[in-house]
Amino acid sequence: MATSTIVHKEIIVKGRVQGIGFRASAKRVADSMQVQGQVKNLLDGSVWILAEAPEKVIEDFIAWCKSGPALAAVKEVEITSGEVQNIQGFTILYL
């Protein structure tokens, strides 16, 4: 049986992504895809997401981030790879 390599991504989503339920939607999608991580609003109006999952799952999650929930208007998505932290669960962080 092949094992799936877990990858770590930090994702910054820019555009109209605050005040429209982006974090709650990201949590629902992450939970359904079994993505581990965190999401929070940033002071500049963007949303920061830390996500860990097998590479194919992360690709699908990033694809969702590029459109977001119905009321979002995503303009740009920045993705950075990092060291896997073995995060458990997916939590919404508040400033």
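Bear in mind these aren't lab numbers, they're just calculated from the coordinates by the rules spelled out. Because the structure is predicted, anything quoted here is derived from the model rather than measured. Because the Cβ atoms are built from the backbone with ideal geometry, glycine has one as well, and the counts that use them run over all protein chains shown.
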Under 10 Å, Cα contacts only: if you run a Gaussian network model on the chain, which one of Ile79, Ile12, Ile49 comes out with the highest mean-square fluctuation? Ile79
With r as the distance between the Cβ atoms of Leu93 and Lys56 and R0 = 25 Å, compute the FRET efficiency 1/(1 + (r/R0)^6) and round to 0.05. 0.45
Near Gln38, within a Cβ-to-Cβ distance under 14 Å, what is the net charge of the other residues, with Lys and Arg +1 and Asp and Glu -1? +1
Calculate, axis by axis, the spread of Cα positions in the chain along the three principal axes, and write the results as whole Å, longest axis first. 43, 24, 22
Say we join alpha carbon atoms closer than 10 Å with springs in a Gaussian network model of the chain; which of Ser67, Ser32, Ser46 then has the biggest fluctuation? Ser32
In a shell of Cβ-Cβ distance under 15 Å around Val7, excluding Val7 itself, what net charge do Lys and Arg (+1) and Asp and Glu (-1) give? -4
Percent relative contact order of the chain, based on C-alpha pairs within less than 8 angstrom and at least six residues apart? 45 percent
For the chain, what is the calculated [θ] at 222 nm in deg cm²/dmol (nearest 500), taking -39500 (n - 2.57) for each run of four or more DSSP H residues and dividing by its residue count? -7500 deg cm²/dmol
